[in-house]
1. Whole number please: convex hull volume per residue of the Cα set in the chain, in Å³?
2. Grab the other residues whose beta carbon is less than 12 angstrom from that of residue 68, score K and R as +1, D and E as -1, and report the net.
3. Find the centroid of the Cα atoms in the range 1-39 and in the range 67-84, then give the distance between the two in whole Å.
Amino acid sequence: MHITDIEKKLKNFKVMNWIREPHILGGYSYPTLKTKNAREILQVPFENSFYFAGEYIGKDSSSTVDAALKSGREVAGKILKEEEGMHKIIS
C-alpha cells in the first residue's frame with residue numbers, strides 16, 4: 001500500500017507539542033515495577049477503534065523518539081490489518 005492510499009484512509013490525527021502544553025510542560029516516560037503490565041494493557045486496542053502508540057508503549061522500549069516511531073509503525077500495521085480484515089468480511 002502506498003503512502004497516499006494510507007493518507008486517504010486517515011480519518012483523524014493530532015500532533016502534540018508537549019513542551020507548549022500548559023498542564024504538561026514536557027515530560028518523559030520511565031519504567032517502574034508495573035511497566036510490563038501497563039504496556040500489555042495499552043497495546044490492546046480499545047474496541048478496535050482507539051489505539052495507543054508512543055515511546056512508552058513499544059515492547060522493549062528505550063523511551064526514545066526511535067521507540068516512539070517503532071511503536072507508531074506497529075500500531076499502523078495493526079490498524080491496516082484490521083482494515084483489511086473488515087474488507088474481507090464485507091466483500
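1. Each residue corresponds to 135 Å³ of Cα convex hull volume.
2. -1
3. About 12 Å separates the Cα centre of the range 1-39 from the one of the range 67-84.
Laboratory data are not the source of any read-out in this text; all were calculated from the coordinates shown. Because the structure is a prediction, the values reported are computed rather than measured. We place every Cβ from the backbone using ideal geometry, glycine too, and count neighbours over all the protein chains shown.
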